[in-house]
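Take a look at the structure below.
The values are calculated or read from the model by the stated rules, or taken from the named source; none is laboratory data. All values derive from a computational prediction rather than experimental measurement. Cβ atoms come from the backbone with ideal geometry, glycine included; neighbour counts cover every protein chain shown. The accessibility values were calculated without ligands, DNA or RNA, using every heavy atom of the protein model including side chains. Shrake-Rupley method; radii C 1.70, N 1.55, O 1.52, S 1.80 Å.
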Amino acid sequence: MKVSELKRILRAGGCYHVKDGKEHEMWISPITGNKLRIPRHDSKELPTGTKDRILKDAGLK
């Protein structure tokens, strides 16, 4: 899954972007209240474990 696809899933789940960093963006999940670090390079493929962990932390899995 590409980073851009993950961001679409997060937005659909109610998560929102808070701030930008050098290599990652900070997002917040309203479901769990967790802060999520998302890579900034939208066209890159995410490793399966990373994708699963982000979705779990967001409360979307």
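Can you tell me the relative contact order of the chain? Whole percent, Cα pairs under 8 Å, sequence separation 6 or more. Working shown, then result.
On the way: 91 pairs, mean separation 22.5, N = 61.
Taking the mean separation of contacting Cα pairs over the length of the chain, I get 37 percent.
Which residue fluctuates most in the GNM of the chain (Cα springs below 10 Å): GLY14, GLY49, GLY33?
GLY49
Within the set of other residues whose C-beta is less than 9 Å from the C-beta of ILE38, count the net charge using Lys and Arg as +1 and Asp and Glu as -1. Please list the in-between numbers first.
Working: positive: LYS7, ARG37, ARG40; negative: GLU25.
Taking every Cβ under 9 Å from that of ILE38, the sum is +2.
Which pairs, out of LYS35/LYS61; LYS2/LYS51; LYS19/LYS56; LYS22/LYS56, put more than 19 Å between their alpha-carbon atoms?
Working: LYS35/LYS61 16 Å; LYS2/LYS51 9 Å; LYS19/LYS56 21 Å; LYS22/LYS56 24 Å.
Result: LYS19/LYS56; LYS22/LYS56 exceed 19 Å.
In square angstrom, what is the accessible area per residue of the stretch 15-61 with a 1.4 angstrom probe?
Values: 3250 Å² over 47 residues.
Here the per-residue accessible area is 69 Å².
Springs between alpha-carbon pairs under 10 angstrom, Gaussian network model over the chain: which of LYS19, LYS35, LYS51 fluctuates most?
It is LYS19.
Roughly how many percent of the accessible protein surface of the chain is carbon and sulfur, given a 1.4 Å probe and a whole-percent answer? Show your work: numbers first, answer last.
Details: 1970 of 4020 Å².
Result for the chain: 49 percent of the exposed heavy-atom area is carbon or sulfur.
Answer with a single label: of (i) 7.3; (ii) 4.9; (iii) 3.5, which was calculated as mean projected area of the Cα convex hull in nm² from the structure in view?
Entry (iii).
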